[in-house]
Amino acid sequence: MRIRRTYNNGDYNKALRLSNPKLNKARDKKFFQDIICRSLYNLGKYADVISFVNEHNLETHRSYEHKSTLKLRIQDYQCPSPNLHADKKWNSTDLISNWHQEESRIWLRHPWGWTYWDMPDTYQIQNTSESLLYLALEVLLNPFVDEVSNHEVKKRPFGSNLALSFSGGIDSTAAAILLPKETILAYHKRSFESMLSHELAEILFDKMKAISGRDVMSIPSNHEKIRTYHQLPNGFSTEFASASHLILLADHLDLNGIAFGTPIDNTWLKKGKQYRDFSEAAYFVKWRKKFASAGLHYVLPINHISEAGALKICRASEYVDYVNSCLRGKNHLGCGKCWKCFHKNGPLGRPLDIESKEINKFLHQKPLRTAQHALWAVQKMNLNDRYPHLAKYLEEDLGWWENAYPPGIEIIPEEWRSGVKDNSEMYLKWMKEPFDLENVNLDI
């Protein structure tokens, strides 16, 4: 049908023009209503979607009404500003002067507006080392402001405690399991409304407290809005922005290191598909030095473990029924339709809509996201026949992907190295030489 082809080709305006005159015809009325509703949504005409669904009483399309309502609230977001310092401007010569505090809220004046963190009541920014404030500026603004990378400051002495930048997903939960139980777990909580939900993460936090007595510190912030001033979606400015709350809290918590749940897929593999010697990678060397200058070890407790290995650790843990990487799920369940559900929840045997548009789009996209792990997930769930374009990459058994890579242990700071090694061995086998990982070079 011409209208269906037009819609599938992404010409939503034309699909609307063709469908509207036919809307009142009894025959195929539901089809035209569906095309109009979806086209309006894809064109970003959210107010029109809400009106259309209600005017035609489309119970089957209430999800579009709900999503459109949320989208409008997101669009209407107004970044707050401090009460006492609202007239302050970005100071590019005295970078530290851009930090302010009002009660327990920390404010950063950046070139485009304000960003904040809601800290513990006893936190005082004037007691925070300048090296930490500079590091926080760099991880937040580095892609957009050159001057934040050029500073010399007195090195902060190392503290006594380790903290993990904890998301509550599979990878960071595996990291929490391998690290000492006294490791501080700290969650960055997006403080503005968005399509992402904190519900599943917070279910896990409650269960961790009940099962093992482990508390998770939650720090609300709107710093993921910084990217939106550069025509980018909400998200972290850099990988390390996810730990900006812990960098700012490092003196308050007496930290000697910040850990990240970064697996093999983003360490020893470049973009998940090409092996590299991560111990010598300029990226790793640079940031290890940056963190050390602020008196912090840069700790990667699952750098030697793939996402498949992290799944195996979580499956064998007491948290298996509660940990979930889906950012859209509710009521203890993942959405079953997103990419995370495909390669993280699917292999755990959780409900999955294999016909999902997002899942199939990503599996047919080049480059393939997290390629080596995605191939393993396809093979693990016996889906080879559904994706013949991947056949040549699935001929050999990918079971080795579930095992740990011994050289990765050596880049973990000595203080935690043996403990992580021993804990890894409780859950995983070691890869055997010659390492299959070192031959990964996927053109996909």
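The values are calculated or read from the model by the stated rules, or taken from the named source; none is laboratory data. Quantities reported herein were computed from a predicted structural model and do not represent experimental measurements. Here the Cβ positions follow ideal geometry from the backbone for every residue, glycine too, while neighbour counts run over all protein chains shown.
The helices (runs of 4 or more DSSP H) located wholly in the stretch 304-406 that include 3 or more residues which are surrounded by fewer than 19 Cβ atoms within 10 Å (Cβ to Cβ) occupy 357-363. Residues in the stretch 66-124 that are of a type in the set (Asp, Glu) and under 27 Å from residue 195 (Cβ atoms): 76, 118.
Taking the criterion of being at pLDDT 95 or above and either in contact with a Gly (Cβ under 7 Å, 6 or more places away or on another chain) or part of a loop (DSSP other than H, G, I, E, B) (or both), the residues of the stretch 111-130 that qualify are 111, 119, 120, 121, 122, 123, 124, 128, 129. Looking only at the stretch 130-149, count how many residues are within 18 Å of residue 258 (Cα to Cα) and more than 24 Å from the chain's Cα centre (by Cα). Total satisfying the criteria: 2.
Checking the structure you have, find out if any residue of the stretch 115-129 is under 27 Å from the mean Cα position of the chain (by Cα) and surrounded by fewer than 12 Cβ atoms within 10 Å (Cβ to Cβ). Yes: one or more hits. Cβ separations smaller than 9 Å between residues 6+ apart or across chains give no pair from the stretch 265-287 residues that are touching a residue at least 24 places away in the same chain (Cβ under 8 Å) to residues that are basic (Lys, Arg) and assigned to a helix (DSSP H, G or I).
Scanning the stretch 173-229 for residues that are among the small types (Gly, Ala, Ser) and without any contact (Cβ under 8 Å) to a residue 24 or more places away in the chain yields 210, 213. The listed residues are 110, 85, and the only one of them that is of a type outside the set (D, E, K, R), under 28 Å from residue 146 (Cα atoms) and assigned by TED's automatic domain parsing to the domain that holds residue 190 turns out to be 110.
Looking only at the stretch 138-158, count how many residues are more than 26 Å from residue 265 (Cβ to Cβ), surrounded by fewer than 23 Cβ atoms within 10 Å (Cβ to Cβ) and touching a residue at least 12 places away in the same chain (Cβ under 8 Å). Residues in the stretch 138-158 being more than 26 Å from residue 265 (Cβ to Cβ), surrounded by fewer than 23 Cβ atoms within 10 Å (Cβ to Cβ) and touching a residue at least 12 places away in the same chain (Cβ under 8 Å): 11 in total. Give the stretch 189-233 a look and list any residue that's surrounded by 15 or more Cβ atoms within 10 Å (Cβ to Cβ), among the aromatic types (Phe, Trp, Tyr) and assigned to a helix (DSSP H, G or I), or say none. Matches in the stretch 189-233: 205 only.
Selection of the stretch 268-280 for residues being within 18 Å of residue 375 (Cβ to Cβ) and in a loop (DSSP other than H, G, I, E, B) yields 268, 271, 272, 273.
Of note, residue 104 does not satisfy the criterion of being among the small types (Gly, Ala, Ser), assigned by TED's automatic domain parsing to the domain that holds residue 215 and closer than 24 Å to residue 292 by Cβ. Restricted to the stretch 159-188, and to residues there that are assigned to a strand (DSSP E or B) and touching a Pro at 6+ places or on another chain (Cβ under 9 Å), the residue that is surrounded by the most Cβ atoms within 10 Å (Cβ to Cβ) is 164. Of the residues making up the stretch 89-133, those that are in contact (Cβ under 8 Å) with a residue 60 or more places away in the chain and on the phi > 0 side of the Ramachandran plot number 1.
Within this structure, residue 418 fails the test of being under 26 Å from residue 287 (Cβ atoms), polar (S, T, N, Q), surrounded by 17 or more Cβ atoms within 10 Å (Cβ to Cβ) and not assigned by TED's automatic domain parsing to the domain that holds residue 257.
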